[in-house]
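So the structure is just underneath, and the comments pick up after that.
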Amino acid sequence: MRHPYHWLVLRWQLKFNPVGLFHRINQLQWYREALLDWTDSLEINPGMRLLEVGCATGMLSRHLSETTSVVGVDRSSAMIDRAQQENADTSIRFTTGDICALPFSDQQFDCALAASLINVVDNPHRALTEMRRVVVNGGWVSVLVPDTTISDHKARALIASLGITGFSREALWAWHRMAPKMDANHLAEQFVTAGIVQPECKQHLNGMLLSMTGWVGSSPSTTGLRSRTFST
């Protein structure tokens, strides 16, 4: 499965040019489509104030800004600099900040989301608590993470079904093998412990990814989220 050249390129960029690597991965079709599949399942309405935590170079923030007001935050100042350059023609506001100590006041946003971040932070509970803190009552918090149920066999089958080759294939395989994964039930417990209620789970990218979405305070009587609901 591993291609030596593309593996070396990926490892070199991870060490010496992480901004360039993350920007490149965000442009890969399989990852971009997974992100859009996730966000398309959420209730994002015009006029909402949306926070993307761990925005990297701003690809997803840019997409979301087409329908709502977006603030992107990332702990890497280099990522934020690149995000500002890539999105200079938009109204998105980018700022540096740590998910475990977000630089925003209480209830400043209608919703907050984070992709491929909760699974790598040292304190997921603190991170989710901070996301909940900056969201208004009745708003939602959503995260996207690699799923523990994915196996080498399933990853190979996914790569074959997508027909991807070269760097794109190597990036997907490396991500599968290297990225920390999360269990849906455990993540749902983390949501509830952080005060985010009625967590709902969806799978993406043929089960390689799972999203968890829950409500701050009480959820609306109707929701566009239709998936497994955990009662913890």
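We did not get these values from a lab; they are worked out from the coordinates using the rules stated. Here the structure is a predicted model, which is why all the values come from computation and not from measurement. No Cβ is skipped: glycine too gets one built from the backbone with ideal geometry, and neighbour counts run over all protein chains shown.
Rank these for me by crowding, ASP37, ASP122, going from fewest to most other beta carbons within 10 Å.
ASP122, ASP37
Using Cβ contacts closer than 10 Å as the measure, can you line up HIS186, HIS23 from fewest to most?
With the sparsest Cβ surroundings first, the list reads HIS186, HIS23.
What percent antiparallel are the DSSP beta bridges of the chain, to the nearest 5?
Around 45 percent antiparallel, to the nearest 5.
What is the set of long-range amide H partners of LEU28 at a cut-off below 5 Å, with H atoms built 1.01 Å from backbone N?
Under 5 Å from the amide H of LEU28: no residue qualifies.
Going by C-beta contacts inside 10 Å, put LEU210, LEU21 in order with the fewest on the left.
By the 10 Å Cβ count, ascending, the order reads LEU21, LEU210.
Using only Cα atoms, figure out Rg for the chain and give it as a multiple of 2.2 N^0.38 Å.
Normalised by 2.2 N^0.38 Å, the Cα Rg of the chain equals 0.98.
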